[in-house]
Amino acid sequence: MTLFDPGSEDAPTERTTSEQAFLQALLDAEAGLARAQSALGLAPASAGRVVTDAAVAERFDARDLARRARGGGNPVIPLVADLTAAVAEEHAPYAEYVHRGATSQDILDSALMLVAARTLDVVLDELAGMEGVLARTAREHRDTVMPGRTLTQHAVPTTFGLKVAGWRSLVLDARDRLRGVRAALPVQLGGAAGTLAAFGAYGAADPLELVAAYAGELGLAEPELPWHVLRTPVADLAGALAFAAGAFGKIAADVLVLSRTEIGELAEGAGGGSSAMPHKANPVRATLVAAAARRAPALAATLYGCVAAEDERPAGAWHAEWGALRELLRVVGGAGRDAAAMVGGLVVRADVMCAHLSLTGGAIVSERLSVELGGVLGRGPAKEVLGAAARRAREEGRPLADALAADPALASADGGVNVSELTDPSRYTGVAGALVDRALGRR
């Protein structure tokens, strides 16, 4: 239970990142090593099966293991003792094949990669669902005109479809990064100092074959080198997770702004309540996603800081990764769940978007007017005419189109000027529709 982290509570990834999930991953790493050694004739054929049968998280006390981990600085040391005892109860001669030749970091790093792989599989499913929803929304609102905003102010018209196509693009960027990282998550096996010497001492003619067999047993990639102090896999994972959180956060930021009472262009389909104000329907999903987007970079920074690890196995740098990586996986997993729910239930108020286009009295298309009037009157005179009309419109509280239509310089211009057409925001969205179409072609 995480009382102060509602964003990760009950998310599908809560199951893959729980204490029990980590314990099982540690046991899976130990069992996979025993099976790999059995497969290569480095242990009796049935030893791997016996170790695997004993390696069930429910048989072990995670809290007790955590307390005893203080003695050696990591939980693998007490776990090996308990797993060895459990195997001895089943078949005493096979107890010596538990953890044979490995070091604690081999098991813990491999377990971290298992937890990451199982969590990323869930997050990637969430991303797939989000992509489909966003594609449909972008297609539906391809030509829904709304104010484009820069530096908090109305700029020029855009379309909601283009905004959503951008959200989808970020989701696909996150997906591609996470897919690449997921495929590359490596097993760890190097022994005490990354030379695999102990496995040779135990009879392996080619210890590299054992690394390949171990990777196959755990469903992880085979590394080129032991990576005890070569933390590229963790750093790449941190970067991809932090980017995913940021991608979700961008969508949430837009939803939060556009669902403000005074804007109201969007709303969450199922808003949350307030403890004091019964009238409120807060954008809770967007709020939780925004919180995750702010937490993820600091967690990733901790993991990047651990890349500078000394010697062949480090003191402190490796240890600092465990909690940070688990928390980052939890945060991003929860954000993926909430982001999917947010976009899936989004209420789009196209009529409000349309109404807001007139808030500046037509000034939202001043960029177009500058270009078009410059072609008729000349750049300098056009600037003067447009500036004077904008002032009159503000002072008199009337649309810019009316003020321009009354300007004698425009009335006498050769060929005339269709002010009504020039000030229609729906006629100044550039190639927004074509951009949406192109973005939706990405798979």
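Coordinate-derived values only; no laboratory data. As the structure is a computational prediction, the values presented were derived from the model and not from experiment. Cβ: placed from backbone, ideal geometry, glycine included. Neighbour counts: every protein chain shown.
Figures for the structure shown
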{"item": "Zero-based 5 Å bins, Cα pair distances in region 101-151, whole percents", "result": "5, 15, 12, 11, 11, 9, 9, 8, 7, 6, 5, 2, 1, 0"}
{"item": "Percent of C-alpha pairs per 5 Å bin, region 76-118, short to long", "result": "5, 22, 25, 20, 16, 9, 2"}
{"item": "Phi to ³J(HN,Hα) by Karplus 6.51 cos²θ - 1.76 cosθ + 1.60 over region 342-353, Hz, x for Gly, Pro", "result": "4, 6, x, x, 5, 9, 9, 9, 4, 5, 5, 4"}
{"item": "Sorted peptide list for 181-187, 196-202, criterion being average Cβ within 10 angstrom, highest first", "result": "181-187, 196-202"}
{"item": "Estimated FRET transfer efficiency (Leu151, Trp322; beta-carbon r; R0 35 Å; 0.05)", "result": "0.25"}
{"item": "Geometric extent, Cα atoms of region 290-443 - Rg, Dmax (angstrom)", "result": "27.2, 83"}
{"item": "Estimated distance in nm for a label pair at Arg394 and Phe4, the labels positioned 7 Å out from Cα along Cα-to-Cβ", "result": "4.8"}
{"item": "Net length gained if the chain between Asp206 and Ile77 were fully extended (0.36 nm per residue, minus Cα distance)", "result": "43.8 nm"}
{"item": "Segments 75-88, 387-400 sorted - mean Cβ within 10 Å per residue, highest first", "result": "75-88, 387-400"}
{"item": "Rg followed by Dmax, in Å, when region 189-256 is reduced to its Cα trace", "result": "18.6, 62"}
{"item": "Relative compactness, region 189-304, computed as alpha-carbon Rg over 2.2 N^0.38 Å", "result": "1.78"}
{"item": "Given (1) 22, 48, 20, 7, 2, 0; (2) 22, 38, 24, 12, 4, 0; (3) 16, 24, 15, 12, 11, 13, 8, 1, 0, the label whose value is P(r) over Cα pairs in 20 Å bins from 0, in percent derived from this model", "result": "(2)"}
{"item": "Projected label distance in nm at Ser370 and Glu89, using a 7 Å step from Cα toward the beta-carbon", "result": "7.9"}
{"item": "Amide H partners (placed H, <5 Å) of Thr159, local residues excluded", "result": "Met146"}
{"item": "Segments 23-29, 304-310 sorted - mean Cβ within 10 Å per residue, highest first", "result": "23-29, 304-310"}
{"item": "Extent along principal axes [Cα atoms of region 25-80; Å; largest to smallest]", "result": "36, 22, 14"}
{"item": "Bins of 10 Å, starting at 0 and running to the largest distance - Cα pair percent for region 306-383", "result": "14, 17, 14, 14, 14, 16, 10, 1"}
